[in-house]
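The values are calculated or read from the model by the stated rules, or taken from the named source; none is laboratory data. Everything quoted here is computed from the prediction, not taken from an experiment. Here the Cβ positions follow ideal geometry from the backbone for every residue, glycine too, while neighbour counts run over all protein chains shown. The accessibility values were calculated without ligands, DNA or RNA, using every heavy atom of the protein model including side chains. Shrake-Rupley method; radii C 1.70, N 1.55, O 1.52, S 1.80 Å.
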Amino acid sequence: MRLGPRAQARERERRRKASRRTGRNGILAVAGVLVVAGLVAIGLVLTPGSEDGGAEADEAAGPNAENVELPEAGTPVEVGTTDGFRYKLAAVSSGLDEEAATQSAPPSGTSYPYIDYLLSNPTNNEVLLEYPGDVFVKRNLVAPSGRSRCEPQTGVPESWCTPATGSKVVQRLAGGELVKGDGGDQYMPPGSTYMVRITVQVPVQRDVGPTDMSLYVWRQLYMADKPAKHVPFPE
């Protein structure tokens, strides 16, 4: 069927408009490709899961992101348990817990001393968080009210004893965060190191110093039938 003059003119106009639309879409598509390529080149295109730096940034800021330089410490001592857990300890320093003294109001001239030490997991496996170290102090410096709770141990000078203490992790220094386990247990990741503070819980003379107190490992869990092992302060 042949079209009349008017119909032919309308058909020619429709084809010109369709041709212009196709041309514009092609130009926009090319421009879009060029813009995206430019953004990729300067690292501005975010793919799903990459917001705020993405997975690679998360990995870079992983468990070791807060690692700090280890403080000066004495010669380390390594001990283990029959369960196969191993720990490395190194004494750092001692001091007085003034906050605890304020809260508990010990007798005049006394306070609650502490020792800070490095606790490390030297193995390639997770180990249960334990506190192998114990404070030993010269017995005559312990307030009379606390001497009944201060016990001697084999391998430690007879004039020294270990009082009741409390231990806690005060800082992560290397490796990952503690891993939560069942029943409130926590585990130390492989290669991790933490600063542990062990504080005496009975009053001791305020003039106690590093030569009057020491860190030892003595409990049977770690030493079996062996004498207590000294963990020395840095020289």
Mind listing just one residue for me: the one in region 139-154 that is among the small types (Gly, Ala, Ser) and surrounded by 13 or more Cβ atoms within 10 Å (Cβ to Cβ) and, of those, modelled with the lowest pLDDT?
Gly146
Taking Glu235 and the conditions (1) outside any loop (DSSP other than H, G, I, E, B); (2) open to solvent by 40 Å² or more (accessible area, probe 1.4 Å), which numbered condition does it fall short on, given that it satisfies the others?
(1)
If we ask which residues in region 176-196 are modelled with pLDDT of 95 or more and open to solvent by less than 60 Å² (accessible area, probe 1.4 Å), their number turns out to be 10
Considering each of Arg139, Arg149 in turn, give the residue that is among the charged types (D, E, K, R), out of contact with any helix residue (DSSP H, G or I) (no Cβ under 6 Å at 6 or more places or on another chain) and in contact (Cβ under 8 Å) with a residue 24 or more places away in the chain.
Arg149
Take Arg139 and tell me if it is under 16 Å from the mean Cα position of the chain (by Cα) and farther than 14 Å from Tyr87 by Cβ.
no
Odd one out for Val127, checked against (1) free of Cβ contacts under 8 Å to residues at least 40 places away in the same chain; (2) open to solvent by less than 20 Å² (accessible area, probe 1.4 Å); (3) over 17 Å from Ala228 (Cα atoms):
(1)
Answer from Pro163, Pro107, Pro157, Pro122 - the residue that is open to solvent by less than 80 Å² (accessible area, probe 1.4 Å) and without any contact (Cβ under 8 Å) to a residue 24 or more places away in the chain:
Pro157
Scan (1) open to solvent by 10 Å² or more (accessible area, probe 1.4 Å); (2) closer than 27 Å to Pro227 by Cα for the single condition Arg172 breaks and write down its number.
(2)
Residues of region 184-230 being among the acidic types (Asp, Glu) and within 16 Å of Val169 (Cα to Cα), in sequence order, are Asp185
